[in-house]
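Here is the structure we will look at, set down as structure tokens.
The values are calculated or read from the model by the stated rules, or taken from the named source; none is laboratory data. The model shown is predicted, which means the values in this text are computed figures rather than measured ones. For neighbour counting, all protein chains shown are included, and Cβ atoms are generated from backbone atoms with ideal geometry for every residue, glycine included.
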Amino acid sequence: MILNAQFKRKKRRVKFNLKRTIKTIILLIGMGILYSLGVAISENIQANRAIEAFKARALFEYEETIMYSAGVEQTRRYYKVSRETSYELEDTRSVFYNDTRKYLGQKGDIFMTSESPFPSNKPIHWFISYYFGGHAAINNGENRFIEAVGFPDEDETLLDIIMHPGNVPHDLSVTVNRSNTNYWLNPRYRTETDRDFPYYGTRYRNHFVGVRVKGATSDMIDGAVDYARDKVDFNLYNFLFFLNMEYKYYCADLVSRAYQSVMVEPENQRLYSRSLNDDGFITSINDILLSNETYITFYVEYIDEVAHIYYLEDIL
């Protein structure tokens, strides 16, 4: 009888401890969700303010309609933003690829959009856009981009990619790649039959932003681009972006770690990048935009099919 009573009390304590542990875990998860939501709200507000402050410095320059490609016209309105800070004045490079102004971007420039690539799925679209952002890529200096993009072929599964270690040969498609073109301002990026045409029309996204690293030398830019280039066609996309994977990358992760390779001493580098990411955790689009190490060089938004381009003025 005594043994049975002791056993029953022990069993009740185990049940009580298990319930308490489960409640604690649920509480911690809830607190984590609330905290991350608070961070996301704060960063989105700050990012919007940073972009609006950049636009507020602009003066309308001119409007033009260009022949982007055979039979394809694009109307643009240019807004010149004065260079005021030391890091803006020290970097005398234009934000355009060349004098024609058809393309934006110089070597090492970071292009980003907060809009996700899944606008047809509203919950996922909101979650990705608000928490992490839609895409980031680094200009390779040849009017193309090095980027991590996660769209598997039909015969591939996410499990195949997730389970692959990432540092051995494979025939999977979702690697870091180099774009065929500078697509960001392309007015015919997608066709009317595209799944996302109702949301983005024929353009890539409705708005995007460009940033540069403060005080970056040509050697630093070359090193960052070389780091990213070394991953092309081999290193896989990191679908478990909340885990710091040594041989896999998601888009903002690739960009931040590329610059970390030239900005942080090797012994101090981490898989959660220590550069362009002030909170030192998962690198989001807003992390790069709001980092103390970057500054905005241009912002593009489409209004009534017109591309409004806000850019740091050229220094003659």
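Odds and ends about this structure:
- Test: residue in segment 167-177 that is in contact (Cβ under 8 Å) with a residue 60 or more places away in the chain and among the polar types (S, T, N, Q): yes
- Test result for ASN268, over 18 Å from the mean Cα position of the chain (by Cα) and free of Cβ contacts under 8 Å to residues at least 60 places away in the same chain: yes
- Picking from residues in segment 300-312 that are charged (D, E, K, R) and more than 19 Å from the chain's Cα centre (by Cα), the one that is surrounded by the fewest Cβ atoms within 10 Å (Cβ to Cβ) is ASP304.
- Test for LYS11: is it modelled with pLDDT under 60, at negative phi, surrounded by 10 or more Cβ atoms within 10 Å (Cβ to Cβ) and among the charged types (D, E, K, R): yes
- Selection of segment 221-237 for residues being free of Cβ contacts under 8 Å to residues at least 12 places away in the same chain and in a helix (DSSP H, G or I) yields only ASP226.
- Residue ID - nearest to LYS80 (Cα to Cα), chosen from residues in segment 277-299 that are of a type outside the set (S, T, N, Q), surrounded by 17 or more Cβ atoms within 10 Å (Cβ to Cβ) and in contact with a Lys or Arg (Cβ under 9 Å, 6 or more places away or on another chain): TYR299
- From the list ILE288, ILE282, the lone residue that is in the same structural domain as ALA148 (by TED's automatic domain parsing), closer than 30 Å to TYR68 by Cβ and not charged (D, E, K, R) is ILE288.
- Residue in segment 280-294 that is charged (D, E, K, R) and in a loop (DSSP other than H, G, I, E, B) present: yes
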